[in-house]
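Down below is the structure, laid out as structure tokens.
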Amino acid sequence: MRPEHISDSLNHLSDEILEETDRVRSGRRPKKRVLWTAAACLCVMIAGALLLRPGGDTVQPGGELPLLEISMESGGMGFEGLLYYEFSELENGNPWHEGMELEALPVFRNGAYSEVGEPIGLSAKELEQRAESAARALGIEDFTIEQERGSYVASSITRVRLTGEGVRIDAEADGCVTVWFDDELALPEEYRFEYSDITSQEAEAVLDYLIGQYAKLLNFQQPQKAIFRDRNIYGELGVDYQVYNAAGDDVEDILNYAFRQADFAPDGEGKLMLIRLYDGLACAEQMGDYPLISLEEAREALLAGQYVTTVPYDFPGEAKVYGGELVYRGSAREQVFIPYYRFYVDLSHEFPNWDDTELKNFGAYYVPAIQHQYLKPGWQWDGSFN
Amino acid sequence: MEDWEIVALYWDRDQEAIAHTQRQYGSYLYKIAWQVLADREDSEESVNDTYWRAWSSMPPHRPGVLRTYLGKIARQLSIDRLRGRDRVKRRASEYALSLSELEECVSAGDTTQEQVDLRLLAQSIQRFLSALPPEARTVFVERYYYLDPVRDIAQHHGFTQSKVKSLLYRTRQGLKRHLEQEDFL
């Protein structure tokens with residue numbers, strides 16, 4: 001084989017892979033990593049997503065809440081999962097725990113994206129206000145602002161860019177604000193700030209420092225660290241530096257964790273490259289509070305085949321099931337945000353030829369956390385339908 | 001104009017389709033051609049050939065995302081044009097540099113001329129790329145499909161150039177192992 005063969009074969013890559021890359025090249029925001037389980041996973045970042053279309057016509061048991069429809073698109077790009085030597089290595093800072101007494105949780109209709117995944121929710125004026133607010137919080141007074149229109153929806157302003165005093169602030173129409181530093185900022189010597197090869201104690205220490213330094217920008221009354229850790233295919237333990245506002249009640253904490261986090265990103269050389277502030281509910285409309293099932297009921301549903309997943313392999317049985325936590329899925333293509341119980345299933349037996357045979361591959365399985373009579377029939381899905 | 005409207009013009013055999021394509025995607029296609037050919041005249045000819053190929057292929061094709069569809073055509077036509085040049089006209093381009101980097105992914109001293117099924121190879125590479133973290137995947141595709149220079153890739157992601165080079169190096173090594181496991185090497 002020659003290098004030309006490899007280069008020529010790339011012309012047969014799927015459109016989804018090319019479009020994913022083209023969005024990055026065009027400056028459109030890549031998908032939020034944490035909601036698709038991290039940058040370092042064999043099975044990460046599915047091209048399609050779980051789509052929910054609200055049913056508006058059928059009468060539901062409660063008489064008020066619309067029935068919800070779940071369907072899954074997949075671009076054949078792999079499945080969602082995590083890599084660890086032991087499942088106990090999972091850290092994600094999820095505030096939910098079984099002891100929370102929750103009878104219902106809100107479901108939202110997502111108005112932040114066009115059909116082609118372009119942010120369209122907020123107005124130009126709102127975007128400018130967000131960018132200027134971030135600038136003021138950073139003490140920036142001298143700046144310029146420009147607006148950018150969408151590639152697909154040319155009439156919409158999809159982003160406002162503010163530049164000044166060594167900083168660039170992008171406010172996007174889906175509610176996300178990103179602060180870029182022209183010259184990455186060095187931290188005091190006592191702090192290590194890396195993507196990997198860092199202990200949890202070191203990661204917590206540097207995140208505490210950054211939360212303090214950027215308190216005005218975050219504007220969190222009670223900032224709560226939510227460090228995420230997982231391994232990549234080389235076995236390296238990576239880290240995402242995340243924080244959310246835990247000043248509310250349990251429901252607010254769950255929503256803030258899912259939709260309103262802030263991320264601090266290193267540049268690979270120990271310096272601060274950017275800060276990203278998410279606001280995934282900025283353009284969302286609440287559809288109602290839906291009654292929940294318990295974690296135990298969700299586990300029974302999982303074992304009975306009542307789940308959705310992008311994993312394309314046979315379900316291996318109860319002995320391979322790990323975890324169980326309540327989360328919201330909030331990726332760009334989801335039309336409705338609903339809560340799920342997420343379980344992880346050890347699929348290592350499907351990968352017998354891995355170099356590192358100790359590294360386990362956990363696929364993500366989701367059971368809707370709302371009572372299933374509020375779901376339209378036929379919602380179950382797995383990756384074998386790709 | 002939306003993509004589906006331009007595609008409809010092709011299907012209606014309305015020559016306005018070419019004008020709209022040129023207006024909307026001309027610069028994008030030119031850049032793809034340039035990254036391969038590094039020659040203005042050849043790049044312009046390659047883009048014109050892309051319009052002609054688009055006209056010939058729609059119908060029957062009806063692409064959802066025109067940019068990606070046209071980009072594939074432009075890329076392949078440009079590579080074919082480069083190979084047709086005589087040695088005197090071949091210049092260092094991002095395409096030539098990318099090939100020298102991809103040398104690492106094939107076995108040293110392999111001079112076999114046997115046919116390679118490009119679709120099977122593409123499926124295998126796609127499986128490999130799908131398993132990567134998104135940053136590694138998009139950086140690889142930027143470099144070896146879109147032929148973007150390392151400095152541009154660094155800018156797209158907010159990375160340093162050294163991080164981009166490290167990512168590419170590790171991904172090439174991983175690809176080589178993958179191709180060996182799948183008996184392509």
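Is it the case that B:Glu45 is at pLDDT 90 or above and either touching a Phe, Trp or Tyr at 6+ places or on another chain (Cβ under 6 Å) or of a type in the set (Asp, Glu) (or both)?
Values: at pLDDT 90 or above: yes; either touching a Phe, Trp or Tyr at 6+ places or on another chain (Cβ under 6 Å) or of a type in the set (Asp, Glu) (or both): yes.
So B:Glu45 fits the description; yes.
Give the residues of the range B:132-184 that are at the interface with another protein chain (Cβ under 7 Å from one of its Cβ atoms), outside any helix (DSSP H, G or I) and farther than 16 Å from B:Leu102 by Cβ, sorted by residue number.
Answer for the range B:132-184, where residues must be at the interface with another protein chain (Cβ under 7 Å from one of its Cβ atoms), outside any helix (DSSP H, G or I) and farther than 16 Å from B:Leu102 by Cβ: B:Pro133, B:Gly158, B:Phe159, B:Thr160.
Taking the range A:233-245, which residues are assigned to a loop (DSSP other than H, G, I, E, B) and among the acidic types (Asp, Glu)? Lay out the reasoning, then the answer.
First, pick out the residues of the range A:233-245 that are assigned to a loop (DSSP other than H, G, I, E, B): A:233-236.
The answer is A:Glu236, and nothing else.
Given (1) surrounded by 17 or more Cβ atoms within 10 Å (Cβ to Cβ); (2) over 18 Å from the mean Cα position of the chain (by Cα); (3) part of a strand (DSSP E or B), where does A:Arg342 come up short, assuming only one miss?
The failed condition is (2).
In the range B:1-20, what residues are within 14 Å of chain A (Cβ to nearest Cβ), loosely packed, with under 14 Cβ neighbours inside 10 Å and of a type in the set (D, E, K, R)?
B:Glu2, B:Glu5 - these are the residues of the range B:1-20 that are within 14 Å of chain A (Cβ to nearest Cβ), loosely packed, with under 14 Cβ neighbours inside 10 Å and of a type in the set (D, E, K, R).
Those residues that are among the charged types (D, E, K, R) and part of a helix (DSSP H, G or I), I need them from the range A:169-226; list them, please.
So the first thing to find is which residues in the range A:169-226 are among the charged types (D, E, K, R), and the list is A:170, A:172, A:174, A:182-184, A:189-190, A:192, A:194, A:197, A:202, A:204, A:208, A:216, A:225.
Once the filter is applied, which keeps residues that are among the charged types (D, E, K, R) and part of a helix (DSSP H, G or I), the range A:169-226 yields A:Glu202, A:Glu204, A:Asp208, A:Lys216.
For the range A:349-368, does any single residue satisfy the condition of being modelled with pLDDT of 90 or more, in the same structural domain as A:Tyr84 (by TED's automatic domain parsing) and either on the phi > 0 side of the Ramachandran plot or surrounded by fewer than 20 Cβ atoms within 10 Å (Cβ to Cβ) (or both)?
No - not one qualifying residue is present in the range A:349-368.
Here are some residues: A:Asp263, A:Asp230. Which one is touching a Cys at 6+ places or on another chain (Cβ under 7 Å) and assigned to a strand (DSSP E or B)? Give the derivation first.
Details: A:Asp263 fails: touching a Cys at 6+ places or on another chain (Cβ under 7 Å).
After ruling out the rest, the residue left standing is A:Asp230.
Could you say which residue among A:Gly280, A:Gly248, A:Gly305 is assigned to a loop (DSSP other than H, G, I, E, B) and not assigned by TED's automatic domain parsing to the domain that holds A:Ala131? Show your work before the answer.
Working: A:Gly280 fails: not assigned by TED's automatic domain parsing to the domain that holds A:Ala131; A:Gly248 fails: not assigned by TED's automatic domain parsing to the domain that holds A:Ala131.
That would be A:Gly305, the only listed residue that is assigned to a loop (DSSP other than H, G, I, E, B) and not assigned by TED's automatic domain parsing to the domain that holds A:Ala131.
All but one of (1) part of a helix (DSSP H, G or I); (2) more than 13 Å from chain A (Cβ to nearest Cβ) hold for B:Pro59, so report the exception by its number.
In the conditions (1) part of a helix (DSSP H, G or I); (2) more than 13 Å from chain A (Cβ to nearest Cβ), B:Pro59 misses (1) alone.
So, in the range B:1-23, of the ones that are assigned to a helix (DSSP H, G or I) and over 15 Å from B:Pro63 (Cβ atoms), which residue ends up farthest from the chain's Cα centre (by Cα)? I'd like the intermediate steps shown before the answer.
First, the residues of the range B:1-23 that are assigned to a helix (DSSP H, G or I): B:3-11, B:16-23.
Add one more test, that the residue is over 15 Å from B:Pro63 (Cβ atoms), and what stays is B:16, B:18-19, B:22-23.
Details: B:Glu16: 27, B:Ile18: 22, B:Ala19: 23, B:Gln22: 19, B:Arg23: 21 Å.
Per the stated criteria, the residue is B:Glu16.
Looking for something farther than 16 Å from B:Leu147 by Cβ and touching a helix residue (DSSP H, G or I) at 6+ places or on another chain (Cβ under 9 Å) - is there at least one such residue anywhere in the range B:28-38?
If we filter the range B:28-38 for residues that are farther than 16 Å from B:Leu147 by Cβ, which is where we start, we get none.
No, every residue in the range B:28-38 fails to be farther than 16 Å from B:Leu147 by Cβ and touching a helix residue (DSSP H, G or I) at 6+ places or on another chain (Cβ under 9 Å).
Hey, among the residues in the range B:108-131 that are surrounded by fewer than 20 Cβ atoms within 10 Å (Cβ to Cβ), assigned to a loop (DSSP other than H, G, I, E, B) and facing chain A (nearest Cβ under 7 Å), which one's modelled with the lowest pLDDT?
Restricting to residues being surrounded by fewer than 20 Cβ atoms within 10 Å (Cβ to Cβ), assigned to a loop (DSSP other than H, G, I, E, B) and facing chain A (nearest Cβ under 7 Å), the top hit is B:Asp110.
The values are calculated or read from the model by the stated rules, or taken from the named source; none is laboratory data. Note that this is a predicted model, so its numbers are computed, not measured. Neighbour counts run over all protein chains shown; Cβ positions are idealised from the backbone, glycine included.
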